[in-house]
1. How much FRET efficiency would the formula 1/(1 + (r/R0)^6) give for residue 186 and residue 137, where r is the Cβ-Cβ distance and R0 is 25 Å, rounded to 0.05?
2. Test of understanding: what is the full-extension gain from residue 118 to residue 228, defined as 0.36 nm times their sequence separation minus their Cα-Cα distance?
3. Once you treat every alpha carbon in segment 35-251 as an equal point and sum by Debye, what is log10 I(q)/I(0) at q = 0.08, 0.14, 0.16 Å⁻¹?
4. What's the extension gain from residue 238 to residue 71 if we count 0.36 nm per residue and subtract their Cα-Cα distance?
5. Neighbouring Cβ atoms within 10 Å as the yardstick, rank 210, 228 fewest first.
6. Setting aside same-chain residues fewer than 8 positions from residue 64, which aspartates and glutamates have a Cα under 14 Å from its Cα?
7. Say each of residue 100 and residue 52 gets a label point 7 Å from the Cα, pointing the same way as Cα to Cβ; how far apart are those two points in nm?
8. Using the 10 angstrom Cβ neighbour count as an exposure proxy, how do 240, 212, 201 rank, fewest first?
Amino acid sequence: MMVPLLRRALLASLGVALAAATAAPAALPPALPEHVSIERAVASTTSATGPHAYELYRHGAPTKPVQWLACRAIDYRINPAGEPAGMTGVIRSVMTSIGTQTGVSFRYAGTTTHAFGSTSFDHTDPTIYFAFTGKQDVAGQHFAWPGQIGVGGPAAAWYSTSVGGPTFEAMTYGRVLLYTGFKGRLTGPGSTWQSLITHEVGHALNLDHRTVHTDAMYPSLSEESPGRFSPAEVTALKAVLQRTSCNYAAFKRL
């Protein structure tokens, strides 16, 4: 976003001294937040530009991933519309496991009406939103089993704290959409809901696909899929979870 520059008129006259009282120009307001989001399918392939560790990189530092503020618990909410029986328990178990692996707290904040296609979010606390669908075509996604059975991704925003000043940037929310036509077992490794949810939450937390077939972020679900993240994936997750000096006041402006 382009920010208008302050323009100062310079007055001059040969042989004439000009004196005038001038008021200081009013400061321009900080630029409005700019947003970007991405969703990835569990069955999609590695991008044409090659494998990457993360989905979103910082606007001002394209080699560094955008981070979640994680000095306090990251919230997650579940839209119960169309939710299969027992799924809240599986999601809560997965989020507890991810918290144990990363040392970051994830707090179940209750139900929501937030739909996958919505761009609204809680401006107080970073939040991951879960939703379900039994439709094969929804929100620009085509679901089938076998085929695409889940999609997830992060959203981020940034703004300049002052004209020409530093930029604040953070993850604003994550979203996960799960296809109820998938009939895997509820818990455990392999072709299970636990493995599927772990994978999609990985995307929501900013992880990209990995090429190791025994990693949770491998792009195809199979009996070899784990129900938790590998040590290498945990290292990558810790890089996107900011645990010190979190500016929640600035987050409220995103």
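1. Details: r = 26 Å, r/R0 = 1.04.
Computed FRET efficiency for residue 186 and residue 137 comes out at 0.45.
2. 36.8 nm
3. -0.25, -0.79, -1.05
4. Details: separation 167, 0.36 × 167 = 60.12 nm, distance 1.22 nm.
That pair, residue 238 and residue 71, stretches by 58.9 nm at full extension.
5. On the way: 210 21, 228 16.
Going from sparsest to densest Cβ surroundings: 228, 210.
6. 55, 169, 208
7. About 3.3 nm separates the two model spin labels.
8. Working: 240 22, 212 11, 201 26.
Result, fewest neighbours first: 212, 240, 201.
Read-outs: derived from the displayed coordinates by stated rules, not from any lab. Note that this is a predicted model, so its numbers are computed, not measured. Glycine also receives a Cβ, built like all others from the backbone with ideal geometry; neighbour counts cover every protein chain displayed.
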